[in-house]
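What follows is a set of notes on a single structure, which appears directly below.
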Amino acid sequence: MPSSRSRGPAALTLALLRRRPLPRHETDDGKEERGTIMVVGGERSTPGAVVLAATAALRAGAAKLQIATAESVAPFLGVTVPEALVISLAETRRGAIHRRAATALAARAADADALVIGPGMVDQAATLEFLTALFERMERGPALVLDAGAVSALNGGGSLLSRHEGNLVLTPHSGEMAALLGEDAESIARAPLRYARAAAKRYRAVAALKGADTIVATPDGRAWRYTGGDVGLATSGSGDVLAGIVAGLAARGADAATAALWGVYLHGEAGNALASRQGRIGFLARELAAELPALMERSAKR
């Protein structure tokens, strides 16, 4: 029998997902049962990415939201996302999160049920310094979703994540995957399955490689392909929404692979719902999250 690594990816369909359902919540469940999500990211020039990820996490069903971001933008995010507890972090002169913020943040982050890091983090040098300090201090605790700048900065830094093995999701596009693996983006685009599996194995993570089709791979070589998305999802901020969805599902108690698979599917179907009403291109990433509650409700019904 061929190994999972030698086989092609399975189709990521609703029928498949219904065989690995999301956690159910009873009528009398409180906020604790649906989990706490912390979103870490943003810089002086890019606070909006955090808003997109944080909103998506709540729309995916997480109950308690914390945002940790650069001190210059923290007050504005507190007003923009009134559902959140906002944590102000020391920043560099350029407005990125400073490495010294890691000491105070590590204990708070470990108490969350899921942590998404990376939206709006564009200063790679500062990001790597901060992540190194944070992961050195964090014990294994929350599910981790690394996106955008947090993925790109990790090339060669797999040892930083070793204690989070099995509880980690990476959500790169081909350019971020290239930085993660030290390859070029053209090679990634030509062989997405190969490189998604390579990243999953190297980092002992679930890797969701975003593209026209999205590949989800696990460290043991299993892989799935979602082909249901459309061109409208290729819009600014769409990846931040996906990271927030995955982390929100993980906060509710879904394992890493289940959260990634459902996250990819719901993200794509939210785009399709908007496309059917508004047209295939021109809808905004900020509009995706509002589609999620109804999508999850419909998808759970057999």
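Can you find a residue in the range 72-92 that is within 30 Å of Lys201 (Cβ to Cβ) and modelled with pLDDT of 95 or more?
The answer is no, given that none of the residues of the range 72-92 is within 30 Å of Lys201 (Cβ to Cβ) and modelled with pLDDT of 95 or more.
Kindly evaluate Ala189 against the criterion of being touching a Leu at 6+ places or on another chain (Cβ under 7 Å) and within 25 Å of Gly8 (Cα to Cα). Step through it out loud before you land on a result.
Numbers: touching a Leu at 6+ places or on another chain (Cβ under 7 Å): no; within 25 Å of Gly8 (Cα to Cα): yes.
It is false that Ala189 is touching a Leu at 6+ places or on another chain (Cβ under 7 Å) and within 25 Å of Gly8 (Cα to Cα).
Considering the range 98-121 alone, what residues qualify as being in contact with a Phe, Trp or Tyr (Cβ under 6 Å, 6 or more places away or on another chain) and among the polar types (S, T, N, Q)?
Listed by number, the list is empty, since nothing qualifies.
Going through the range 230-251 one residue at a time, which ones are more than 25 Å from Tyr203 (Cβ to Cβ) and part of a helix (DSSP H, G or I)?
Val231, Gly232 - these are the residues of the range 230-251 that are more than 25 Å from Tyr203 (Cβ to Cβ) and part of a helix (DSSP H, G or I).
Does any residue in the range 258-277 that is within 19 Å of Leu52 (Cβ to Cβ) and in contact (Cβ under 8 Å) with a residue 12 or more places away in the chain come within less than 6 Å, Cβ to Cβ, of a residue that is outside any helix (DSSP H, G or I) and among the hydroxyl-bearing types (Ser, Thr, Tyr) six or more places away or on a different chain, and which pairs are these?
The qualifying pairs are Val264/Thr214; Val264/Tyr226; Gly268/Tyr226.
Select from the range 36-70 the residues that are in contact with a His (Cβ under 9 Å, 6 or more places away or on another chain) and within 23 Å of Ala104 (Cα to Cα) and list them in ascending order.
Ala70
Please enumerate the residues belonging to the range 170-203 that are in contact with a Lys or Arg (Cβ under 8 Å, 6 or more places away or on another chain) and touching a residue at least 40 places away in the same chain (Cβ under 8 Å).
Matches in the range 170-203: Thr171, His173, Leu193, Arg197.
Of the numbered conditions (1) crowded, with 22+ Cβ neighbours inside 10 Å; (2) assigned to a helix (DSSP H, G or I), Pro119 fails exactly one; give the number of that condition.
(2)
Using the structure shown, decide if Ala112 is surrounded by 23 or more Cβ atoms within 10 Å (Cβ to Cβ), in a loop (DSSP other than H, G, I, E, B) and in contact with a strand residue (DSSP E or B) (Cβ under 6 Å, 6 or more places away or on another chain).
yes
The values are calculated or read from the model by the stated rules, or taken from the named source; none is laboratory data. Owing to the predicted nature of the structure, the values given are computational and were not obtained by experimental measurement. Methodologically, a virtual Cβ is constructed for each residue, glycine included, from the backbone with ideal geometry; neighbour enumeration extends over all protein chains shown.
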